[in-house]
Amino acid sequence: MKKKFFKGFAVAAAVALGAGLAVTPAQAANEIVVWADETRGPNLVKTLAAKSDWVPGYKVTVKSFANFDALKDAIDKATATTGPDIVVGANDWVATLAKNGKLAPLTLTASQRARFSSSQFYDLSYKKKLYGIPVDVNNVAMIYNTKLVSSAPKTFGDMVDYYKANKASKNLKAGLCVAGGGMSWGAHSVFSALGADAYYFNSNGTINKSKSFNPNEFGANVKKFLLDGKKSNGFFPATDTGCKDNFLAGTVPFAIIGNWEWEDYKAKGFTMNLMPVPGATASNPGKAFGSVSGALLTTFAASNGVEAAAKSLLVDFFGSTAGQVAYQKFEKRPPAEKGAASDASVTDGQKGFGASANAASIPQVGAILNGASGSKSYWDSAPAYWTAVLVDGKDAVAEAKKLATIWRNNLRGAANDI
Amino acid sequence: MITAIIRGKVALAIKLVLVAIVTAVLLTLSQSAFAKGEYAIAGFLFIAILLINFTYFSKRTVPLKFFLPGILLLTAFVLTPILYTLVMSTFNYKTGNYISKEEAIGRIQALALEPDENASVFDIVVGEYQGSPAILVSDINNNAYFISTPDQRFPVSNAAITADEYGVARSAPEFTPLESGDISSSKAAKERYYFDGTYFIAVENLNAGAVFRQSLEYLPQQDVFRSLITGDIYRDNNNGNYANENDKAEILEPGWRDPTWFSNYIRLFNDERVRNPLISVFIWTMVFATLTVLTQFSFGLLLALALNKPIRGRRIYRSILVLPYAMPSVMSILIWGGMFNTEFGAINEILGRDIAWFQDPTFARAAVILVNLWLGFPYFYLVSSGALQAIPSELLEAAAIDGANARQIFRKVTLPLLLQILSPLLIASFAFNFNNFNLIYLLTGGGPRNQLDGEIAGATDILISYTYQIAFGNNLQDLGLASAISVLIFFLVASISLYGVRKSKVLESFS
């Protein structure tokens, strides 16, 4: 029996070894591994196929994931033996990944920093250390339908007046709605236009750690512009459901749209009527989040022995004019790097959103927005305000006071991290 | 003929091939797991290979040949997750405390680099100088060049260097540059090069070096970090972080997964931010599971009774009634979600109302029960129909002869017998709905919850969706606490099921 058992096991093991040895994935010594999502990954592959010697002596391998969530899940679970050297991801991953020891900092020269707007580094920093290179700008801007509105509104009130005057005659379903970015990220410009920025800046460009919005003023503006008594006046819906379709169908005159979906609007014949959301007063337009996607350096680069090379790839490819122009030729998002943003090859759509961001934007600081020292993060509390006031009919000022307390506590909680 | 073939050498060959294939797959997975440092998985797979080979090539273990696949799968996919969850519930496994202590110490040391006042970064060439790792540094702003080794700094005159068009030195006497492809993995890339005694130059990338000083040092004997700038001591706070002795709130990041034993369980009872929502969620979970079973069973039974009588078109009715069960539940839930939409939903259209179904706690709970009734009644209709057929007609006839009316027959004969037959299914349904994550997650997301008042649990959150909310619901995850709640759910469901099983005495037939 023993003889038979060992004979059987020997045959089985032989087959197994043959199969097993054939699949031994290991990172080569001179290989830099980059992880990206389902659109950025293939576009990086195309870019690197056209020119591969961004870091002489090193081969760059790109692994694409099925979607952004799958990529986030993978980087969350990555270990020293499985993780990438660089991951192209969202700016709001930085605080969490750095906290969990998954990201490594990098240092840029003054000239390398000068290639970017200083606010873009806020997005990719945690506890005053920079963890990546800004790759492309993600922002929203307000578009208006020129078939309905002849000229750009100057104040928030202009838009509300137009809506009230034309609601019935033009069968309008809303006045302004959020088509891109959701009721927290995308709607920040509406909060801001009515007087509630997520945080404020000092004149020297640093974040003011003690200032938060005035809930009485903001609540009063909400009452004035968005409510009819206790009920919503219909100008600004509490959800983004149907906004894009309604705008494209001509039943909403103003919409906040994302730069990633510009082609859809262009295909429907819309031109570049982009602008910030006008403020309660003409001189204070609403600031949209002008966030960036980043190429982030991981701690695994050091364990793979390619940290210096990975940093070179970040600086010389992801952070250079030539690299971003080459990459954005395929990716078609507004490049973060200044030289690339002004390059002739960048499309009107990319430039239009970039111009709107320059007019009124606020950097997305993950340490504040993701924090929950105030019991809820910005992302959870912001849409809850719209629901409470516009759907549930709760008092706009009382709810604004709760919102202000949450945001203020989140700002205080993040004070040491920014 | 076929039996003879299967029993002969052909059978042995087939067995050999099948076992070889299984062994090959498992060995490949084991090797891959080993290469990725997952030693427990690799070990389990290797033991499985040995067991499979021993079992199927030995005559001593005939019964095990039937049980082994089940035992292995049960171990891998039931016992191991339960044990892992149990272990994780005793750790402070949360955002900021993901990695091991050794990794955390390494990361803290790597992060404790403080740039000089000017955040100086120089162009460098990495190589060797007089047999030692060295960098050739170009201080272009000051038009100065030097070579740094880990211990010394050697000035190099401008005349001695060969510079490129930007003024960056590419070579110098006695300095041997490394090839670009060799730098990253070389010892030279990891060295700290002498700058001025306090600060050093670290290789930042293949062409640049940055000036830093170490701000924290780790003292392994005492297991503490000491600030090289303020002298502060950071000690292990037994909660997965090094904390400043003088200010316990000041901790070094990242932290590590540290065993905190029962602290997550204690939080369930002591921390009111956890306890209060947990109590309300538990009550709703019980109500939800009970109401679901009652409504589904009642409606299913009602239909089964109605269609138990010979009526015209009974087959068609029966087929139609099974349809909701045949539809994938995910699709059904999403469709119902759309039907309950406040603005565009069919239900509000029919009612001619503007009910915000998912914004109001009562309406949302009603919607959840209603949708679950739709999803579950066909199952109870089917099993009740079967059970009704199984009740001997003599009993019903005897009751009728004794003068019982239809209602009495149902209450005194049919229902008790039905409950006896269906008790295991009712208990199983209760246990299933106690953990019916899909319905809650897809229909209401656990909401509505009043975020501005700091509510963590939503009105329709059941224990499992609340656990998910804690574990993965936002950027700050607390997997340790979520594991503790999961363990609690496990014991709750197990206790309720066991109690129900004992009460209904359904296992007696197996004894």
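The values are calculated or read from the model by the stated rules, or taken from the named source; none is laboratory data. Nothing here was measured: the structure is a model prediction, and the numbers come from that model. Quick reminder, even Gly has a Cβ in these numbers, built from the backbone with ideal geometry, and neighbours come from all protein chains shown. Please note that ligands, DNA and RNA were not included when accessible areas were found on the heavy atoms of the full protein model with its side chains. Shrake-Rupley method; radii C 1.70, N 1.55, O 1.52, S 1.80 Å.
If you go through the range B:35-63 and keep only what is open to solvent by 60 Å² or more (accessible area, probe 1.4 Å), more than 10 Å from chain A (Cβ to nearest Cβ) and closer than 24 Å to B:Leu18 by Cα, you end up with B:Ile41, B:Phe44, B:Phe46, B:Ile47, B:Leu51, B:Val62, B:Pro63.
Please indicate, with yes or no, whether at least one residue in the range A:265-281 is of a type outside the set (A, V, I, L, M) and farther than 27 Å from A:Lys147 by Cβ. First the steps, then the outcome.
From the range A:265-281, those of a type outside the set (A, V, I, L, M) are A:265-266, A:268-271, A:273, A:276, A:278-279, A:281; that's our starting set.
Narrowing the set further to residues that are farther than 27 Å from A:Lys147 by Cβ leaves A:281.
Yes - at least one qualifying residue is present in the range A:265-281.
Among the residues making up the range A:81-112, those that are polar (S, T, N, Q) and either at the interface with another protein chain (Cβ under 7 Å from one of its Cβ atoms) or crowded, with 24+ Cβ neighbours inside 10 Å (or both) are A:Thr81, A:Thr82, A:Asn91, A:Thr96, A:Asn100, A:Thr107, A:Thr109.
Okay, residues lined up against (1) open to solvent by less than 40 Å² (accessible area, probe 1.4 Å); (2) under 23 Å from A:Glu263 (Cβ atoms); (3) not in a loop (DSSP other than H, G, I, E, B):
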position: A:Met142; (1), (2), (3): yes, yes, yes
position: A:Ser150; (1), (2), (3): no, no, no
position: A:Val160; (1), (2), (3): yes, no, yes
position: A:Ala168; (1), (2), (3): no, no, no
position: A:Ser212; (1), (2), (3): yes, no, no
position: A:Asn221; (1), (2), (3): yes, no, yes
position: A:Ala238; (1), (2), (3): yes, no, no
position: A:Lys244; (1), (2), (3): no, yes, yes
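In this structure, does B:Val383 turn out to be crowded, with 19+ Cβ neighbours inside 10 Å, part of a helix (DSSP H, G or I), more than 14 Å from chain A (Cβ to nearest Cβ) and under 39 Å from the mean Cα position of the chain (by Cα)? It is true that B:Val383 is crowded, with 19+ Cβ neighbours inside 10 Å, part of a helix (DSSP H, G or I), more than 14 Å from chain A (Cβ to nearest Cβ) and under 39 Å from the mean Cα position of the chain (by Cα). Being part of a strand (DSSP E or B), open to solvent by 50 Å² or more (accessible area, probe 1.4 Å) and touching a strand residue (DSSP E or B) at 6+ places or on another chain (Cβ under 9 Å) is a condition met by no residue of the range B:180-187. Filtering B:Ile350, B:Ile333, B:Ile311, B:Ile355 for residues that are among the β-branched types (Val, Ile, Thr), surrounded by fewer than 17 Cβ atoms within 10 Å (Cβ to Cβ) and part of a helix (DSSP H, G or I) leaves a single hit, B:Ile350.
B:Gly480 meets all of the listed conditions (1) of a type outside the set (A, V, I, L, M, F, W, C); (2) under 21 Å from the mean Cα position of the chain (by Cα); (3) surrounded by fewer than 18 Cβ atoms within 10 Å (Cβ to Cβ) but one, namely (3).
Quick check on the range B:91-125: of everything there that is hydrophobic (A, V, I, L, M, F, W, C) and assigned to a strand (DSSP E or B), which residue is farthest from B:Asp196 (Cα to Cα)? Selected residue: B:Phe91. Among residues of the range A:298-350 being facing chain B (nearest Cβ under 9 Å) and open to solvent by 50 Å² or more (accessible area, probe 1.4 Å), the one that is farthest from B:Ala202 (Cα to Cα) is A:Asp316. For the condition open to solvent by less than 20 Å² (accessible area, probe 1.4 Å) and part of a helix (DSSP H, G or I), B:Leu72 does not qualify.
Just one of the numbered conditions (1) open to solvent by 80 Å² or more (accessible area, probe 1.4 Å); (2) assigned to a helix (DSSP H, G or I); (3) closer than 16 Å to B:Asp478 by Cα is not true of B:Trp261: (2). Restricting the search to helices (runs of 4 or more DSSP H) fully inside the range B:388-483 and requiring at least 2 residues that are among the small types (Gly, Ala, Ser) gives B:393-401, B:415-434, B:463-472. Output the residues belonging to the range A:380-401 that are polar (S, T, N, Q) and open to solvent by less than 10 Å² (accessible area, probe 1.4 Å). Once the filter is applied, which keeps residues that are polar (S, T, N, Q) and open to solvent by less than 10 Å² (accessible area, probe 1.4 Å), the range A:380-401 yields only A:Ser381.
For the subset of the range A:23-38 comprising residues that are open to solvent by less than 80 Å² (accessible area, probe 1.4 Å) and at pLDDT 90 or above, which member is farthest from the other protein chains (Cβ to nearest Cβ)? Full working, then the answer.
Within the range A:23-38, the subset open to solvent by less than 80 Å² (accessible area, probe 1.4 Å) is A:23-24, A:27-37.
Applying the additional criterion that residues be at pLDDT 90 or above yields A:31-37.
Details: A:Glu31: 10, A:Ile32: 9, A:Val33: 13, A:Val34: 15, A:Trp35: 16, A:Ala36: 20, A:Asp37: 18 Å.
Going through the qualifying residues, I end up with A:Ala36.
Conditions (1) free of Cβ contacts under 8 Å to residues at least 60 places away in the same chain; (2) outside the structural domain of B:Val287 (by TED's automatic domain parsing); (3) of a type in the set (Phe, Trp, Tyr), marked per residue:
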residue	(1), (2), (3)
B:Tyr381	no, no, yes
B:Ala390	yes, no, no
B:Ser393	yes, no, no
B:Leu396	yes, no, no
B:Ile401	yes, no, no
B:Ile409	yes, no, no
B:Ile421	yes, no, no
B:Pro448	no, no, no
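Please go through the range A:351-372 and pick out each residue that is within 14 Å of chain B (Cβ to nearest Cβ), in contact with a Ser or Thr (Cβ under 9 Å, 6 or more places away or on another chain) and in a loop (DSSP other than H, G, I, E, B). Selection gives A:Gln364, A:Val365, A:Asn370, A:Gly371.
Specify the residue that is farthest from the other protein chains (Cβ to nearest Cβ); the eligible residues are those in the range B:321-367 that are β-branched (Val, Ile, Thr) and more than 19 Å from A:Asp392 (Cβ to Cβ). Looking at residues that are β-branched (Val, Ile, Thr) and more than 19 Å from A:Asp392 (Cβ to Cβ), I get B:Val322. Please verify whether A:Ile133 is modelled with pLDDT of 90 or more, within 12 Å of another protein chain (Cβ to nearest Cβ) and either open to solvent by 10 Å² or more (accessible area, probe 1.4 Å) or in a helix (DSSP H, G or I) (or both), treating the condition exactly as stated. So A:Ile133 does not fit the description; no.
Here B:Ala11 meets the list (1) open to solvent by 70 Å² or more (accessible area, probe 1.4 Å); (2) more than 12 Å from chain A (Cβ to nearest Cβ); (3) not charged (D, E, K, R) almost entirely, failing just condition (1). Checking each residue in the range B:157-179 for being assigned to a strand (DSSP E or B) and surrounded by 20 or more Cβ atoms within 10 Å (Cβ to Cβ) picks out B:Ala169, B:Phe175.
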